[in-house]
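Below is one structure, written out as structure tokens; comments come after it.
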Amino acid sequence: MDMLLYRGCTTPVRLPAYEAATIAVLEKLGVNVIELKDTNCCGAQYVESMDRMAFASMSGRILALAEREEKDILAICGACSGSLKTNKHFLDHDIRARDEVNSLLAEEGLKYSGKVRVRHLLQVLAEDIGFDKIERAVVKPYNGIKMAAHYGCHVTRPYEIVHVDDPENPTILDRLVEAVGGQAVDYPGKTRCCGGPMLAMDEDVATTIGLDKIDNVTKAGADGIVTACVFCDIQLTQVQFGGGTSDRQKIPVLPITQFLGPALGLDEDMLGVELNKIDPHSVIDCCGVSQ
Amino acid sequence: MTEDSVGMNAMESKEELRIGVFVCHCGHNIAGVVDVEDVAKTAATLPNVVFTTHEMFTCSDAGQETIRTMIHEHNLNRVIVASCSPRMHEPTFRRVVEEAGLNRYLFEQVNLREHVSWCHMREPEAATAKANDLVRMAVARAANLEPLPIKKVEITPRTLVVGGGIAGLRAALDIADRGFEVVLIERERELGGNVRKWAHMFPGDKPGHEVLEPMIHRVRKHKNIEIRTGAVIVNFEGYIGNFEVEVSVEGLKKHKKYEVGAVIVATGFQPYVPVGLYNYDKSLDIMTLGDLQGRPDEQQFIRPSDGKPVRKVAFIGCVGSREPGWKGHEHCSRYCCSALAKTAGIMADRLDEVVILYQDIRTYGKEHEDFQRVARQKHVIYTKYPPDAKPEVEVNDGKITMRWKDVLADTDMEFNPDIIVLATAMVPPEGIEEVSHTFSLTRSSDGFFNPEHVKLNPVTTHTAGIMIAGAAQAAKNASESVIDASGAAAKAVGLMAKGAVEIESTVSRVIPDLCSSCATCITACPYGAISWDMSRDPHIAYVTEAKCHGCGTCAAACPSNAIIMLHSTNEQIMAMVEAYLCVPVATPGGGA
Amino acid sequence: MHTCTTKGQEKSIHVPTSAFAKEVEKVEGGEAINKCIQCGICTASCVVANATDLYRPRRMIQKIILGLREEVLSSDQSWLCLNCRMCEERCQEGVSPAEIFLAVRTIAAREGHVPRVFKEAVKTVLEDGWMLKDAYTDFQEDEREDLGLNPELHMNNEFVGKLRKRYFERKKAAEESGS
């Protein structure tokens, strides 16, 4: 199957490893990932807070671009996924808004009519590919290494709009971990925010929230964290370097595809492993090792 | 009263005593602690015991059959079951022995469960010893038991309903529709009570008098209902099934007298008048919810003081309710949160601002939350004030100023409403002390009447034959009062339909020759069951058995020892004491 | 609102009005403002409320209901929501405090009350079409090439120009004239 990759602003610049690992893993599993060109920011958080129609227009344009290519969108950032889905929902139900956005898009020959779907990476892995196929593709299973799943907020909430997993008890990441031979670890506050969006307004609060999560994960005995959103990945990595953290054992944070890659036989180089701020070798070296 | 002498013929006074003792395992409940086999064996050595056994579950069909069979096989004339509490199965076993031809008062139950195995769980030896003691005492008592006649009283097929409010009206109709007569008395001139006066009811939208209209119409037309308005009770006496009431009716020279079998007290409530609170008495524009509801619709939007239109309204909840330490005002009045939400929602359409100041929001009932939602949708502002810092109200030249702290926004607020409406407490009506005295009803700390049991018997009272219904029992809304009324009516109809009711024979009795006419027992009786027997000279005390609950207060109080308690006579009790203190030698012929 | 001085302390006292809630109700996202029954589950679920005493979603909603317009619009409070939607997921009455605060932000933005960091981020997006043009240096380009990714990011910056004209020039004018 073909999917249009919408990268957003942050992944290509701050976490290219996530982009590379995702493309490599999806191609291995039979998904053809096509770059969506000429895009813009989805409008999350900042434009979103200033003007509703401007926000709808920014996301609407991306949806219209995909519609022109007649392919579904793959979003790998939680915030982008949330913006695109929220605005799709808005434009699908509000004719006046839709007309207004289309009037702005008309000049470029673009139109939004709601024909394409927005899929977050987790939906593609769990539904379009399926756990069975992933399990069968494993060549070097992990040895039961304990991984804590962090889903982030916009991937699973609000359920009525995004329709990905159970918002209070999500399991997709956990099942992916187990599919490649890892052991999924449960921990308190699993569905809580990482604190990332707060960095702009109050860094201290953002750090408190992020470290709270790291504490819970550590106490639960996890060897690493898997993520499904670029902001979460960066935040959970970054908080482990802040003030007062020097005596902590740093726990590796890996985007899910970077964790799956080695088990599927993919080379480290394709997954951008050296770019991780916290060396993930303690995790990925465990694949292909007997228990 | 009629007497039924079941089992009386089977007993001749000098007949040989043949006691049977049935010891129950109650599964593991008793046998897990008490050595029941030992108890049965020991009982066999006691005087007059001709049969003992132990059963797994004596109350089961099999166990009951065993009792019946053994009574016949061994010609038993006294039966003891050592098992659970009599509160559990005394009626069951009494029925069983009666079916086998024995008078029910020749049966005795020993409590080896609640009084032995369940409270001495970790001391099996001491528990068994106690069980043996209790059985020995019961055997001694059984030897002194006498059969007692089963008495029934007839029920007059007419009910007195006191109070013509919504509860009284409902009860009257329910009873009359089933073919029984009703006398409905109401002290005001009009029927309808408090509901009649209210403009906005809930959950429906009709005003009170419209809700009542069809009921009042039916009550007036009903051939089984006699209505007396402007009526006051001047005398009431009697006992269940046989009450006599004397009523003085406005406009009639002679008092009316009625004989009734049951009474339903539905005297309702009065709204508390909050004098001294929130400047209620200082301004006509500060009124109660009842005051507001009593005004015709259009008038509700006009300031009483100067006739100007009302644009802004403030409601305050919990006025005179939920005040710890203020007797009679500690209870929640239940109706108010829902009434406020409904009223505010209705008025909001025509007002600029509606504010409800609350301590809590208790919109508990079916659809009541929706009133709150509707009110909020119409932009009624709910604001929570702290119970220890109530809103302050000032009135200056007709202008009302309110100040309070909104707890949830942590902000000090000030408001100038055109009127303030206070949701005041439901309190007992004027004259409730007389009513409680007339019907021998007790009241709880909120001032309303006590039911017999708040969960298991919520409409009957400790006075047999007298029921309570509606707000007379506790603060509640009109729908709930109607539920009570139908329940009380069902109780009354149940009595009247049976036609007669058995009364317990375990009552007190005055020995005429010993009575010194001191009246101590008359004063002491909590149920008003003792009165003068005027046919004797000097008068002596006389117990109305139908009213007696067998509590024993009179017997204990009597200085002349002139009162005996049937089924708890001095001989029966002393026999138990002696048996406890002196273990008898095992008697020949007393073994099974 | 007016202030009064008691015992030398300035206390601000507010008059309740439904006007602000009526205004919020008409803005996209604020429709459910009057459904809130102040149960508190949003605040109990909020990670920000857990991390700082400054932020309480329930309290903010009550302030909106009470009509404290100036206080709410000029404070940082509505900008402290990090939009994680936990409150929306948990609210039993169908209220999304996150959506309501977004609606409040758009009203605040119209009147020029925007935190500096948001202003700057929006300015960047409206000029470049995305957030990180300045952060995308040669270094990052090389990283991408090493990974086999396209170093050309192909971001469009013309469309946002239209949006700026249509939706933001008016705001800017309002800001500059101080209205």
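The values are calculated or read from the model by the stated rules, or taken from the named source; none is laboratory data. In this text the structure is predicted, and so the values were computed from the model without any measurement. Quick reminder, even Gly has a Cβ in these numbers, built from the backbone with ideal geometry, and neighbours come from all protein chains shown. Please note that ligands, DNA and RNA were not included when accessible areas were found on the heavy atoms of the full protein model with its side chains. Shrake-Rupley method; radii C 1.70, N 1.55, O 1.52, S 1.80 Å.
Look at region C:82-101 and say how many of its residues are touching a Gly at 6+ places or on another chain (Cβ under 6 Å) and surrounded by fewer than 24 Cβ atoms within 10 Å (Cβ to Cβ). Give the derivation first.
Keep residues of region C:82-101 that are touching a Gly at 6+ places or on another chain (Cβ under 6 Å), which gives C:99-100.
Okay, now just the ones that are also surrounded by fewer than 24 Cβ atoms within 10 Å (Cβ to Cβ), so C:99.
The qualifying residues number 1.
The rows are residues; the columns are (1) touching a helix residue (DSSP H, G or I) at 6+ places or on another chain (Cβ under 7 Å); (2) farther than 19 Å from A:C193 by Cβ.
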{"position": "A:I76", "(1), (2)": "yes, no"}
{"position": "A:L91", "(1), (2)": "yes, yes"}
{"position": "A:D99", "(1), (2)": "no, yes"}
{"position": "A:K111", "(1), (2)": "yes, yes"}
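The set of residues in region C:12-36 that are within 7 Å of chain B (Cβ to nearest Cβ), part of a loop (DSSP other than H, G, I, E, B) and open to solvent by 20 Å² or more (accessible area, probe 1.4 Å) comprises C:V15, C:T17.
Determine whether A:Y142 is more than 23 Å from A:M53 (Cβ to Cβ) and in contact with a strand residue (DSSP E or B) (Cβ under 9 Å, 6 or more places away or on another chain).
Values: more than 23 Å from A:M53 (Cβ to Cβ): yes; in contact with a strand residue (DSSP E or B) (Cβ under 9 Å, 6 or more places away or on another chain): yes.
Spelling it out, A:Y142 is indeed more than 23 Å from A:M53 (Cβ to Cβ) and in contact with a strand residue (DSSP E or B) (Cβ under 9 Å, 6 or more places away or on another chain).
Among all positions in region B:149-156, there is at least one residue which is under 30 Å from B:M576 (Cα atoms), under 29 Å from the mean Cα position of the chain (by Cα) and surrounded by fewer than 20 Cβ atoms within 10 Å (Cβ to Cβ). Only a single item in (1) more than 10 Å from chain C (Cβ to nearest Cβ); (2) buried (at least 18 other Cβ atoms within 10 Å of the Cβ); (3) part of a loop (DSSP other than H, G, I, E, B) is not met by A:L4, and it is number (3). Answer with yes or no whether B:S481 is of a type in the set (S, T, Y) and either crowded, with 17+ Cβ neighbours inside 10 Å or closer than 23 Å to B:P149 by Cβ (or both). Taking the combined requirement at face value, the residue satisfies it.
For region B:99-121, does any single residue satisfy the condition of being free of Cβ contacts under 8 Å to residues at least 40 places away in the same chain and assigned to a loop (DSSP other than H, G, I, E, B)?
Within region B:99-121, one or more residues are free of Cβ contacts under 8 Å to residues at least 40 places away in the same chain and assigned to a loop (DSSP other than H, G, I, E, B).
Checking each residue in region C:129-165 for being closer than 23 Å to A:E108 by Cβ and facing chain A (nearest Cβ under 7 Å) picks out C:G129, C:W130, C:M131, C:N150, C:L153, C:H154, C:M155, C:N156, C:F159, C:V160, C:K162, C:L163. Scanning region A:40-47 turns up one or more residues that are more than 7 Å from chain C (Cβ to nearest Cβ) and open to solvent by less than 10 Å² (accessible area, probe 1.4 Å).
Entry remark, region C:53-81: residues being open to solvent by 10 Å² or more (accessible area, probe 1.4 Å) and within 14 Å of chain A (Cβ to nearest Cβ) number 8 in total. Just checking, which of A:D223, A:D204 is out of contact with any helix residue (DSSP H, G or I) (no Cβ under 7 Å at 6 or more places or on another chain) and either within 14 Å of chain C (Cβ to nearest Cβ) or open to solvent by 10 Å² or more (accessible area, probe 1.4 Å) (or both)? Of the residues listed, the single one that is out of contact with any helix residue (DSSP H, G or I) (no Cβ under 7 Å at 6 or more places or on another chain) and either within 14 Å of chain C (Cβ to nearest Cβ) or open to solvent by 10 Å² or more (accessible area, probe 1.4 Å) (or both) is A:D204.
Please tell me if B:L191 is assigned to a loop (DSSP other than H, G, I, E, B) and hydrophobic (A, V, I, L, M, F, W, C). For B:L191, the condition - assigned to a loop (DSSP other than H, G, I, E, B) and hydrophobic (A, V, I, L, M, F, W, C) - is met. The lone criterion from (1) open to solvent by 60 Å² or more (accessible area, probe 1.4 Å); (2) among the β-branched types (V, I, T); (3) assigned to a loop (DSSP other than H, G, I, E, B) left unmet by B:V234 is number (3).
Considering A:K88, A:K71, which residue is in a loop (DSSP other than H, G, I, E, B), open to solvent by 20 Å² or more (accessible area, probe 1.4 Å) and either more than 10 Å from chain C (Cβ to nearest Cβ) or of a type outside the set (A, V, I, L, M) (or both)? Before you say what the answer is, go through the steps one by one.
Numbers: A:K88 fails: in a loop (DSSP other than H, G, I, E, B).
Going through A:K88, A:K71 in turn, the sole match is A:K71.
With the structure loaded, tell me whether C:I41 is open to solvent by less than 30 Å² (accessible area, probe 1.4 Å) and modelled with pLDDT of 95 or more or whether it fails that test. No.
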